[in-house]
1. Within segment 292-341, restricting attention to residues that are part of a strand (DSSP E or B) and within 17 Å of the chain's Cα centre (by Cα), which residue is nearest to the ligand (Cβ to nearest atom)?
2. Can you find even one residue in segment 263-273 that is more than 14 Å from the ligand (Cβ to nearest atom) and either of a type in the set (D, E, K, R) or over 26 Å from Thr184 (Cα atoms) (or both)?
3. Please enumerate the residues belonging to segment 359-376 that are over 18 Å from Phe290 (Cα atoms) and within 16 Å of the ligand (Cβ to nearest atom).
4. Within the set of pairs 6 or more residues apart or between chains, which connect a residue that is closer than 15 Å to Val54 by Cβ inside segment 364-386 to a residue that is assigned to a helix (DSSP H, G or I) and open to solvent by 30 Å² or more (accessible area, probe 1.4 Å) with Cβ atoms less than 9 Å apart?
5. Could you tell me which of the residues Ala485, Ala408, Ala472, Ala446 is in contact (Cβ under 8 Å) with a residue 60 or more places away in the chain, assigned to a strand (DSSP E or B) and under 21 Å from His380 (Cβ atoms)?
6. Cβ contacts < 7 Å: first residue free of Cβ contacts under 8 Å to residues at least 40 places away in the same chain, restricted to segment 148-174; second residue away from the ligand (no atom under 16 Å from the Cβ) and of a type in the set (Phe, Trp, Tyr), any location; separation 6+ or different chain. Result?
7. Report the residue count in segment 195-225 for those that are over 24 Å from the mean Cα position of the chain (by Cα) and in a helix (DSSP H, G or I).
8. Residues Thr369, Thr394, Thr359, Thr323: which one is among the polar types (S, T, N, Q), more than 23 Å from Leu437 (Cβ to Cβ) and open to solvent by 20 Å² or more (accessible area, probe 1.4 Å)?
Amino acid sequence: MESAKLILDPAFEIGPVERRLFGSFVEHMGRSVYTGVYEPGHPEAGESGLRRDVIELAREMGVTVVRYPGGNFVSNYNWEDGVGPADERPTRLDLAWRQIETNAFGLGEFMSWAGELPAEPMMAVNLGTRGIREACDLIEYANHPRGTRWSDLRVEHGRREPYDLRLWCLGNEMDGPWQVGGKTAEEYGRLAAETAKAMRRVDPRVELVACGSSNSGMPTFASWEATVLGHCLEHVDYISLHAYYDPAAGDRASYLASAVEMDAHIDAVVATADHVAAKLGSRKRLRLSFDEWNVWSQSLFGGEASLEWAEAPRIIEEDYDVTAAVVVGSLLITLLNHADRVGIACQAQLANVIAPIRTEPGGPAWRQTIFHPFALTAAHARGRVLRVEVASPTFPTERFGEVAVLAAAATHDDDRGELTVFAANRSERPLPLEIDLRGLPGFTDARHVVVADEDAGARNSEETPNRVVPRALDGVVLGGDRLSAVLPPTSFNVVRLARGQAVRRGL
Ligand code: AHR
């Protein structure tokens, strides 16, 4: 049986584990908001209408940041429609997803929900049908203490203290022909720079994310980033990346190797941002916000034109299997291995729409398979990300050629005396793994937890919500500066080492 090897050394590190890598996304789309996070009258919802069962699952997942309210939705959204007395809010047509939007849920409800988790809000402004004025009005409503038109309106709406929203997206996927109010790179770059300058005048403490390409397959990928950043590099803190990895398009091997594509995508955006900085004579090393990523059978979706006008319809409620959990785990590994430049990442989305959490109206909420690699990584990636040296057998893929069977990342928390290895086995055979712990002596306890199943197509459902759950595995051997374990076929693994009995405290 072929085996893989990892070398770890605390002298070689990538950067600190940024807690904002464990972000998620709630968009007014399908049943993400309505009957997802918000369902007045549900037995789990109190007076606020917020579903407690979903809050508890999001908390268990370890979600740290939540992007809101879109997505494509934001590009034709009037934020004022979603504040103030609920019975005075207008019902509107949402042009992004052909939905009837009641506006029963808006900024105040979202902020209460995010406060319950708690998670940091990441707010997007509409740069599709609106512009600088409305973005400034929103930030004045949210962050200005009081004594002005918009801040006083917030107080009138029952919120005395400012929300103090720090993280803001300057629009969404503005290069997409599907985007309401889409723009050329020149148009958007100028608008992003001017909006950023104005928003900072309202509140200088904001952190701003400019839109990068909608995905790395866009015909203008990289030239979009170069032009946009040519205008706004000095005015923003992040550039966004979006990517969905499609199980329904192409060969299974390439799908399993999706992290190779994410890796190249990140490298290309870093190179482009640094190229722009060099051209401008700037020393700025722009950070990346991978604020939409997930597995999505997008090639099976007919697009917004295929949708009928409806209120909170069931759209793209993807059922995830074990293979999807392994792909999601390997994508999280890639994000960790870019901790030097990727400062924010949001899995898209949180509830029902391509989501780790599923709900039924009036019924239960449950964890999809992809919930588990996210929750395990958010819980155990602590301290600093080490640069891992991987030696692995390979497998052939149509899109990427030969790819390593093993994807791995490691984090080291010196203060807590913990070392954690995250490893995906992308092969249908067991993979023996040996870890060389040079420079990391003294670990006395090791624990191996795995997300896998005899059937890589196994899923969780309302009827069998716990078919796929993390399980502890015996067989890990720790001796001196070596650890060995066997990674089951098509699996996501977490191997935790501690000094003393620390890792025995739970999965
Ligand atoms: O997450 C679903 C959609 O995918 C978002 O609205 C959009 O930004 C992306 O194209």
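The values are calculated or read from the model by the stated rules, or taken from the named source; none is laboratory data. Just so it is clear, the model here is predicted, and its values are computed rather than measured. A quick note on method: Cβ atoms are made from the backbone with ideal geometry, for glycine too, and the neighbour counts reach across all protein chains shown. The area values use the complete protein model at the heavy-atom level, side chains included, leaving out ligands, DNA and RNA. Shrake-Rupley method; radii C 1.70, N 1.55, O 1.52, S 1.80 Å.
1. The first filter runs over segment 292-341 and keeps only residues part of a strand (DSSP E or B), leaving 292-295, 310, 321.
Add one more test, that the residue is within 17 Å of the chain's Cα centre (by Cα), and what stays is 292-295.
Numbers: Glu292: 6, Trp293: 10, Asn294: 8, Val295: 12 Å.
Applying the filter and picking the extreme gives Glu292.
2. Initially, segment 263-273 is screened for residues more than 14 Å from the ligand (Cβ to nearest atom), giving 263-273.
From what's left, either of a type in the set (D, E, K, R) or over 26 Å from Thr184 (Cα atoms) (or both): 263, 267.
Looking through segment 263-273, at least one residue is more than 14 Å from the ligand (Cβ to nearest atom) and either of a type in the set (D, E, K, R) or over 26 Å from Thr184 (Cα atoms) (or both).
3. Gln368
4. Filtered contacts from segment 364-386: Ala365/Glu56; Arg367/Glu60; Phe371/Glu60; Ala375/Glu60.
5. Ala408
6. Every condition considered, the pairs that remain are Trp150/Tyr141; Ser151/Tyr141.
7. Count: 8.
8. Thr394
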